[in-house]
Each structure stands twice: as structure tokens, then as C-alpha cells.
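Please read the structure below before turning to the comments.
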Amino acid sequence: MQIAIIGLGRMGMNMARRLLNGGHDVVVWNRSKDKVEQMQAEGATGFTDLADLATHMSTPRALWFMLPAGDATTERIAEVLPHLDRGDLIIDGANAYWRDDAPKAEMLAQHGIHYMDAGVSGGIWGLEKGYCTMVGGNAEDVARVAPALDTLAPPDGWLHCGPVGTGHFVKMVHNGIEYAMMEAYGEGFDLMRNGPFENLDLQAIAALWNRGSVVRSWLLELLDSALQKDADLSSLKGYVEDSGEGRWTVLDSVHHAVPVPVLAQALFRRFESRQDDLFSNKVLAALRNEFGGHAIKAAGDGSEGRK
């Protein structure tokens, strides 16, 4: 199928590549010409002007936005909207707040434009392993882009979660759980590093636990990888950002009176990490860099914390 990827960042560019590898007619847009030219060299049709992109595409169009949530996505939708036709489909793949989806869908519906939300997990590894994708929207729109979803995801790796907003909601909760899992690994490895036994081989333990242990996971594989590169994570500062989903998860839990003490504490620990430099926070920083290519702070930028 023909599909446009709007935004060629860490996720968008590799999604476009995976779609190309799957035989789709891929159209791309990015502000920077170099990324567009790179994708053109790989077989995509590229544009730096959204009006030109819309003119090139056959109708009904399917445009998948992979831009930062908020103004960046809103502004580009407004820019391309005058050049779209009734029946075209916009898919928002940003890590956006699910409460913003219904108003966006209603605004687009006034112009006859269909809307889906897509929570995408896979990070910088998605090109190779596929993107776990959680989508919200009506069944007809989902069926229309199912060929692209089948290509992007690993086998059985995408789900139509329900109406508009459910894709982003499920992805939000997913990321809240991710925070808690990372915090648990961080604290456990901190205890092994600073507990009663010196010089435990943390990388070997991470590798071991992925051989049949009940705590095995892809996150643990990534920690194994990070520790192979830097055995004591001395090159990292234990400063851990949050990208919004963890906050929204906690806010929604308050709104619906659902207790999520572990998820909330994991979020608060990220806030705390900006004031100290514990080894457990270095583990979190390393994991975010391994799965998502998120920026890290180098050691030496402030207090080094305990060993």
C-alpha cells in the first residue's frame, strides 16, 4: 500500500525503512533535506513540503505522523490539512496524551478526514525486531492500514485496542509499567554492586538471568548489552529524564482512583535522579539509551555519587 511517514527521527526513519523492505510505496517528509535524500536513496519518495507530498499521493491518502507530541504534530497537521481530501486518513504515532485524541479526531472529522492513534514501542531496535503497535480508531480505518501494520509489527505484534484514544492510552500504561520494571532492575543491581559481596560480575548475572529466570526480559538483555560496553557504567551520569507517559499514567490513576503505588514511585525516582547520582539511576539511564537512543549525561557533569 501507499503510505506516508511524516517525520524521520529515530523511530520514523526506521519505520519507513521497514515499510520499504516490506514492499510498500513509501512517501516521506522531513524538514531537513539530508534525511529526505537519504530515504530517497533507499527507495522512498521524499518531500520537504507537505503540500507537494499530498499532491503526489493517490487518494484516499494515509499519512502516519511520527513527530513529537504537541505543537510539532499539531502544526504539521494544520499545514497539510488544506491539501487533503475527504476520506483521507491521519495516524498520530507520537507518544501523545490519549485525552487529546478525541478533540483532534472531531476537528478532522469536520473536514471529512479520518483519524487513528497509534502507540508504537520498539525504539531504535524496531527496524530489526519490529514495532509493537497499539492502535485506536474505527474498524474500517484499521483494516485499511492493516497491511502496513502487519509489516511494521513482529508476528501478532499489533492490536486494535478500541475506539480513538485507546492506542495512546494503552501505550501510556505500557510506559508506566516500563518505568517500574526499570526501577526494579536499577535497585537490584545497585544492591548487588554495593552489598555484602565485592566484585560481583553484574554483566554475567544479567546474562544468566535471561537464561530461564522468571525475571528475564528484553530490558535485561539491554542491560547485559550496556554492561558489556561499560562494566560499572562509569561513563554515565545517573540523571534520568521522563517523556511524559509516566506522569500521565499517575494522573489518570488519580482521576479514576486506581492505586498504582509502584508506578508512581518509579516516576518520583526519576525526579529524584536529577538531584543525586546513584548506580541504580545509571542503570535506568543506560537502559533508556539502549532501547530508545535517548540522550544521556556523561559522567563528570556534577556529583559522581557513590560507587
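Summary of values
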| quantity | calculated |
| --- | --- |
| Relative contact order [Cα under 8 Å, 6+ residues apart], the chain, whole percent | 14 |
| Fewest-first ranking of SER280, SER121, SER243, using other Cβ atoms within 10 Å as the exposure measure | SER243, SER121, SER280 |
| Helix axis angle, 218-229 relative to the chain longest principal axis, alpha carbon, degrees | 60 |
| In sequence order, calculated HN-Hα J values of the stretch 13-22 (Karplus, 6.51, -1.76, 1.60; Hz; x Gly/Pro) | 5, 6, 5, 4, 5, 5, 5, 4, 4, x |
| Interchain or long-range residues, amide H under 5 Å from LEU236's placed H | ALA299 |
| Amide hydrogen neighbours beyond the local backbone of GLY46, cut-off 5 Å, H modeled | VAL28 |
| Check: the chain dipole with +1 on Lys, Arg Cβ and -1 on Asp, Glu Cβ, in debye | 280 |
| Relative frequency of Cα-Cα separations exceeding 13 Å in the stretch 240-290, percent | 60 |
| Amide H contacts of GLY162 (H built 1.01 Å from N, under 5 Å, at least 5 apart or other chain) | GLY137 |
| Net +/- balance of residues flanking LEU233 in space, Cβ distance below 10 Å, scoring K and R +1, D and E -1 | +2 |
| Share, in percent, of DSSP beta bridges within the chain that are antiparallel, nearest 5 | 20 |
| Of every Cα-Cα pair in the stretch 1-60, the percent that sits beyond 13 Å | 52 |
| Point-to-point label distance, TRP218-LYS33, nm (Cα→Cβ direction, 7 Å offset) | 3.7 |
| Anchor LYS171: aspartates and glutamates whose Cα lies under 12 Å away (excluding residues fewer than 8 positions away in-chain) | ASP117, GLU245 |
| Those lysines that a straight Cα-Cα span of less than 23 Å connects to LYS282, excepting residues fewer than 8 apart in one chain | LYS229, LYS237, LYS297, LYS307 |
| Under 9 Å, Cβ to Cβ, from LYS171 - net charge with Lys/Arg +1 and Asp/Glu -1 | -2 |
| CD proxy at 222 nm, helix term only [per DSSP H run n ≥ 4: -39500 (n - 2.57); per residue of the chain; nearest 500] | -15500 deg cm²/dmol |
| Principal-axis tilt of helix 166-194 within the chain, Cα atoms, nearest 10 degrees | 20 |
| Kirkwood Rh in Å, taken over all unlike Cα pairs in the stretch 49-101 | 11.6 |
| Calculated FRET efficiency for the pair PHE197/ASN21, C-beta based, R₀ 35 Å, to 0.05 | 0.15 |
| Per-residue HN-Hα couplings for the stretch 110-116 [Karplus 6.51, -1.76, 1.60; θ = phi - 60°; Hz; x = Gly/Pro] | 5, 9, x, 9, 7, 9, 10 |
| From phi via Karplus (6.51, -1.76, 1.60), per-residue ³J(HN,Hα) for the stretch 88-96 in Hz, x at Gly/Pro | 5, 10, 10, 10, 9, x, 6, 7, 8 |
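Computed from the coordinates by the stated procedures, all read-outs in this text should not be read as laboratory data. Everything numeric here is computed off the predicted structure, so don't read it as measured data. Positions of Cβ are generated from backbone atoms using ideal geometry, with glycine treated the same way; all protein chains shown enter the neighbour counts.
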